[in-house]
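Asker: Mind having a look at this structure? Questions to follow.
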Amino acid sequence: MDKLDLSIIIPCFNEEDNVQSFYKKVQNVLWGGADRNNINEVYFIFVDDGSKDNTIKEIKKLQANNKNIKLVKFSRNFGKEAAMFAGLRESKSTLTCIMDCDLQDPPELLLEMIEKYKNTKGKLKLITAKRKDRSGDSRFRAFFSEVFYKINNILSPIKLESGVRDFRLIHRDALDCILQMNEYHRFSKAIFEFVGFQKEIVEYDYIDREQGASKWNFIKLFLYAIEGIVSFSTIPLKIITLIGFVIFVISSIYGIHIIIDTLAFGNDVKGYPSIVTLIAFFGGLQIMLLGIIGEYIARIYEQSKNRPHYFIEYIS
Ligand code: UDP
Ligand code: MG
C-alpha cells in the first residue's frame, strides 16, 4: 500500500492547558511504531473556536517547530460542529481524523484505526470510536443519553449507536460526500451515518478529560438531542397529526354525548372537574405540539437565510 497522508483536526475552545500535551502525546504515539505506520505526512489542523484564553499562543508555539501545523482562527465561538466542519474543509489528505484536544480520544486508538484501514486494503471509508460504557458520566447524564438514542432510533431513519464519539478516521471518498452536506444545523453523528460507505466501529475504555472542564451541561445536551432528532426525521410531525386526529375523534364523540345527555336529562353543572382536566390536558398538548412544529419552522428559517456556518478571522 502507498504511503498515507493524514490530517488531524482538533476543535479547540479554551484548551490552553491541553494543546501541548495533546500534541506531544499524538506525536509520540504516531512515530513510536517501527515502520512509522506507513504514514508519510501528518498535518495538524487546529480550529480555534473563539477561545478566550491562551490557546492560540500555545498553538503558535507548536507552529514554530513544525510546518505541518495549521491554525484556523474563528472570529468568535461558533460551536464544535462548526469547528469540525471548518477543519474538514481544510483537510487535503487521503485520511482525515477528528480528535478532541483534551486527550479523551486516545491517540493509540488512532493507530488502531489506521491499522484497520490498512488491513482492509483501503475498503473501509469510515472508522468510528465508541466508548465501551458510560463510566465517567453521571447517572443522570448516562440515563438521558440512553433515552436519546432509543428515541432517535425509533423516530429517525438514520440509526445511531449509543456511545459513538466524534473521534473518527475518514477517507477522502467519504469526506467529499460529507462536505457536500451543507445544512446549517449540523448533527455530525447522523451526517456520518447518512453518507453510507463501508464503516467500522472500534471500542475503547472511556478516559477523563486531561485538564479543564467539559463544555457540556444538561441543557446543552438536551438541545443537541432535539437537534439530532429533528435534523434527520419528520416523523415527529406525523405523530402530531396522528395525535391531533385521535383527539379530534374522541372530543367529537364526547361532544355528541354531551349534547344528547343535555337534551335528554337537562344540565345541572356537574362537570367542573372534567372541564379543568381537559383544559389542562389540551393546553399542555398544544404547547408541546406547537413547540415541535416550531423546531421545524426554525430550521427552515435558519436554512433560508443561508448564513455561513462560521467566520474565519485568519488562517496561519
Ligand atoms: N469545543 C469546541 N467548541 C465548543 C465546545 C467545545 O471547539 O463550543 C471543543 C473542545 O475544545 C474539545 C472538544 O470540542 O476539544 C470536545 O469538547 P468537550 O471536552 O467540552 O466535550 P465532551 O468531551 O464533554 O463531549
Ligand atoms: Mg472532552
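The values are calculated or read from the model by the stated rules, or taken from the named source; none is laboratory data. Note that the structure is a prediction, hence the values are computed from the model and not measured. Heads up, the Cβs are rebuilt from the backbone with ideal geometry, glycines too, and the neighbour counts pull from every protein chain shown. These accessible areas exclude ligands, DNA and RNA; they are computed on the full protein's heavy atoms, side chains included. Shrake-Rupley method; radii C 1.70, N 1.55, O 1.52, S 1.80 Å.
Asker: On the given criteria, is residue 86 open to solvent by less than 10 Å² (accessible area, probe 1.4 Å), under 21 Å from residue 176 (Cα atoms), within 16 Å of ligand 1 (Cβ to nearest atom) and modelled with pLDDT under 95?
Answerer: No: the conditions fail for residue 86.
Asker: Just give me the residues in the stretch 59-82 being open to solvent by less than 40 Å² (accessible area, probe 1.4 Å), within 16 Å of ligand 2 (Cβ to nearest atom) and part of a helix (DSSP H, G or I), in sequence order.
Answerer: 81
Asker: Tell me the residue from 285, 278 that is free of Cβ contacts under 8 Å to residues at least 24 places away in the same chain, surrounded by 12 or more Cβ atoms within 10 Å (Cβ to Cβ) and more than 30 Å from residue 188 (Cα to Cα), please.
Answerer: Of the residues listed, the single one that is free of Cβ contacts under 8 Å to residues at least 24 places away in the same chain, surrounded by 12 or more Cβ atoms within 10 Å (Cβ to Cβ) and more than 30 Å from residue 188 (Cα to Cα) is 278.
Asker: Same structure again: Taking residue 189, is it within 12 Å of the chain's Cα centre (by Cα), assigned to a helix (DSSP H, G or I) and among the basic types (Lys, Arg)? Give the steps one after another, and end with the answer.
Answerer: On the way: within 12 Å of the chain's Cα centre (by Cα): yes; assigned to a helix (DSSP H, G or I): yes; among the basic types (Lys, Arg): yes.
So residue 189 passes the test.
Asker: In the stretch 214-245, which residues are within 16 Å of ligand 1 (Cβ to nearest atom) and not in a helix (DSSP H, G or I)? Walk me through how you get there before you give the answer.
Answerer: Residues of the stretch 214-245 within 16 Å of ligand 1 (Cβ to nearest atom): 214-225, 227-228.
Passing the criteria: 214, 215, 216, 217.
Asker: Right, something else. Of the residues that make up the stretch 115-125, is at least one more than 16 Å from ligand 2 (Cβ to nearest atom) and closer than 27 Å to residue 223 by Cα?
Answerer: Narrowing the stretch 115-125 to residues more than 16 Å from ligand 2 (Cβ to nearest atom): 115-125.
Those still in the list that are closer than 27 Å to residue 223 by Cα too: none.
No, the stretch 115-125 contains no residue that is more than 16 Å from ligand 2 (Cβ to nearest atom) and closer than 27 Å to residue 223 by Cα.
Asker: Count, please, the residues in the stretch 142-169 that happen to be in a strand (DSSP E or B) and either at positive phi or open to solvent by less than 30 Å² (accessible area, probe 1.4 Å) (or both).
Answerer: Qualifying residue count for the region: 5.
Asker: Would you mind stating whether residue 85 is among the aromatic types (Phe, Trp, Tyr), in a helix (DSSP H, G or I), touching a residue at least 24 places away in the same chain (Cβ under 8 Å) and within 16 Å of ligand 2 (Cβ to nearest atom)? Quick ask: steps written out before the conclusion?
Answerer: Values: among the aromatic types (Phe, Trp, Tyr): yes; in a helix (DSSP H, G or I): yes; touching a residue at least 24 places away in the same chain (Cβ under 8 Å): yes; within 16 Å of ligand 2 (Cβ to nearest atom): no.
No; evaluated as a whole, the condition is false for this residue.
Asker: Go over the candidates 121, 130 one by one and state the one that is in a strand (DSSP E or B), open to solvent by 10 Å² or more (accessible area, probe 1.4 Å) and in contact (Cβ under 8 Å) with a residue 60 or more places away in the chain.
Answerer: 130
Asker: Considering (1) within 19 Å of residue 26 (Cα to Cα); (2) under 21 Å from the mean Cα position of the chain (by Cα); (3) within 15 Å of ligand 1 (Cβ to nearest atom), say which one residue 96 fails and leave the rest.
Answerer: (3)
Asker: Related question: Only one of these is over 30 Å from residue 186 (Cβ atoms) and open to solvent by 70 Å² or more (accessible area, probe 1.4 Å): 297, 250, 219. Name it.
Answerer: Going through 297, 250, 219 in turn, just one is over 30 Å from residue 186 (Cβ atoms) and open to solvent by 70 Å² or more (accessible area, probe 1.4 Å): 250.
Asker: When residues of the stretch 99-136 are filtered for being within 16 Å of ligand 1 (Cβ to nearest atom) and either over 27 Å from residue 215 (Cα atoms) or among the aliphatic types (A, V, I, L, M) (or both), how many remain?
Answerer: Here the count works out to 5.
Asker: While we're on this one: Would you check which residues across the stretch 204-226 are farther than 30 Å from residue 112 by Cβ and touching a helix residue (DSSP H, G or I) at 6+ places or on another chain (Cβ under 9 Å) and list them?
Answerer: 218, 222, 226
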